[in-house]
Amino acid sequence: MSFISIPLVVAKEATITVGVYQNPPLVFYDDPQRPEGLFIDLLKYIARKENLRLRYRACNWSECLGLLKKGRIDILPAIAYSKQRSRWALFTDEDVIVNWAVICRKKGSNINSIPDLKGKSVAILKDDVYTEPFVDLITSFELYPGIQFFESYEEIFKALSEGKVDAGVVNRLYEAININRFPSVEATPIVFSPVKIRFALSKKSKTSNALKERLDRNLLALKQDEQSIYYKSIDRWLGVPEKKVIPYWVYIVIGGLLGVLISFLIANLYLRRRIKLTTEELIERYSEIGQMRQYLEAIFQNSPDMIFVHDETGKIVDINHRVEETYGFSLEEFQNLPPEAMMGKGFTPKMALKRLRMALDGKPQDFEWVAKDRKGREFPVEVRLRPFELTLQDGTEKRYVLAIVRDITEKKQNEERIKKSEQWFKTIFYEEPECVKITKPDGTLLDMNPAGLKMIGLESSDSLKGKQCLLIVHQDHREEYQAFMNELLSGKNASLEYRIKGFDGSVKWVETHATPVKDEKGNVQAIIAVTRDITEKRHYQEELERKVKERTENLQSIINSLSQREVRMAELKEVIKKLRAQLLEAGLEPLYDDPLKETEGQ
């Protein structure tokens, strides 16, 4: 990745990033800091006139397309216009030149027409504008040659020279200028798909529309002036006096192309139905591939996790949007940063590289790390490293490591809160003066605090863990205790007074208050119970009940005595009445009044 700025004698200049790649004579470079070619001459001229500062970024063809789509370069020169590309790129209205595809072969080969490609291997530039027309063409003949993709036309010519492929698709300008450098390669009569070569601008830049207007205005003016740099540059790079907006030989070639196309149509009328069906299938296949690419890109960019792609050396070759949002660094900045700039204190590049190598050796890595963002903030992350391989166009395998990184700051905070809660619970559990025990839903003991162990005459809970608490419940109360547990299992709180028999032989009265612990679905997972020794309380109650009973009995005895006295008095009254009556009958008057005579009104 290289940059160069063209100094201009202007106070304030707008900087434009230009993608440059190897496509001589339209655009190319020996030194990335000094690109050349027809499009570069025109761009430099317009930059000086429009007060623009150019900054160049070297990339291969596929990389340049990707950078333009993402808005990381402003202009891509020498790109063929297509309706599909116009969906994501802004093209100039003015063409710079017209170009078309030509199929080249190794000298001595018998490839002279499209049908001769049957069973052959053909090299094509990755993401080239001629790829789809070529596939449509060979499909119409029901030819399915082996296709290999390359990163540049230079690589295609080298593959032809070395016999790695039988044929290669390049544009006619590249072939005309560069074929003499490859003595064993020659052009075939097969040409197709004339296209308009223009400048393309990023649709993600706010200044693209204004920049497009400047480019179109200057290109139109240059093409109208036969002495302009436009024609001088064409003479220089193409070696032909192209003095018209569209060269005269373009019409000759287009006429030839039309003748070839007409011949194709006549020769294949009887296959029209099959061609139509095959074409429809091919279009559908391309659509599916395009949708799949968009789908995978959407997953990559919209993943809630950060995703890094590392090569075998540990270099970061790609990141998703989540990485940029979290760290605050772009891909270019990551690639130029020292590794320790993105690592927290105590973590080193050596440690990271060790993990990376283990992943490359087929040992997936899952670990926690501390990262550092642009502002120096350190934050914990969870990292997963997984190796994968890609098959390159030359058939070789290249290994990479996918790093899926998740910010676990919130997770760590929750863990800390849980840890404090556990410490708080343990403090309460072990320091509580009453018995606290935790059991499974079936009553099996999980743990008991020291106060509880002392209550049942044990020093450690080891001998009781895993056993039923029913074992220490007095025989007389086990049925009540089981009903108590059933109520808890129904999800309700419950309490019970009962007797227990400790391991030291002591019998105690206890009072237990318990509550069930439920999961998110409402299922009882455990029971927490607090038990208090109420033996003295029960003894006091029993003594009080005894005294109440005794006093009640005494009172009842008194009441009974009084009742008997009243009966005797009533009998005595009856006797006295009878005696008085007898005296009166005998004519004797009693000397004294009746001492038991009731007072009137009583």
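The values are calculated or read from the model by the stated rules, or taken from the named source; none is laboratory data. Fair warning: this is a prediction, and the values are worked out from it, not measured in the lab. Positions of Cβ are generated from backbone atoms using ideal geometry, with glycine treated the same way; all protein chains shown enter the neighbour counts.
Here are some notes:
- Search result, residues across the range 553-592 that are among the hydroxyl-bearing types (Ser, Thr, Tyr) and modelled with pLDDT under 75: Ser561, Ser563, Tyr592
- Pick from the range 157-176, criterion within 42 Å of the chain's Cα centre (by Cα) and assigned to a loop (DSSP other than H, G, I, E, B), ranking: surrounded by the fewest Cβ atoms within 10 Å (Cβ to Cβ): Lys164
- In the range 512-542, the residues that are basic (Lys, Arg) and assigned to a strand (DSSP E or B): Lys518, Arg532
- Annotation for the range 381-391: no member residue is modelled with pLDDT of 90 or more and of a type in the set (S, T, N, Q).
- Per the listing Met448, Met485, the residue uniquely touching a residue at least 40 places away in the same chain (Cβ under 8 Å), buried (at least 18 other Cβ atoms within 10 Å of the Cβ) and out of contact with any Phe, Trp or Tyr (no Cβ under 9 Å at 6 or more places or on another chain) is Met485.
- Top-ranked residue in the range 141-155 [being in contact with a Ser or Thr (Cβ under 9 Å, 6 or more places away or on another chain) and among the hydrophobic types (A, V, I, L, M, F, W, C); ranked as nearest to Asp166 (Cα to Cα)]: Ile147
- Gly466 passes every criterion in (1) small (Gly, Ala, Ser); (2) touching a Pro at 6+ places or on another chain (Cβ under 8 Å); (3) outside any helix (DSSP H, G or I) apart from (2).
- Checked against (1) at pLDDT below 90; (2) in contact with a strand residue (DSSP E or B) (Cβ under 7 Å, 6 or more places away or on another chain); (3) closer than 30 Å to Leu160 by Cβ, Tyr400 passes all but condition (1).
- Note on the range 9-95: enclosed strands (runs of 3 or more DSSP E) holding 3 or more residues that are not aromatic (Phe, Trp, Tyr) are 14-20, 52-58, 75-80.
- Residue in the range 454-463 that is surrounded by the most Cβ atoms within 10 Å (Cβ to Cβ), counting only those that are assigned to a loop (DSSP other than H, G, I, E, B) and of a type outside the set (Asp, Glu): Ile456
- Selected residue (criterion: farthest from Ser205 (Cα to Cα)) from residues of the range 1-33 that are modelled with pLDDT of 90 or more and within 39 Å of the chain's Cα centre (by Cα): Gln22
- A count restricted to the range 107-120 and to residues that are within 20 Å of Ser161 (Cβ to Cβ) and either under 49 Å from the mean Cα position of the chain (by Cα) or in a loop (DSSP other than H, G, I, E, B) (or both) stands at 8.
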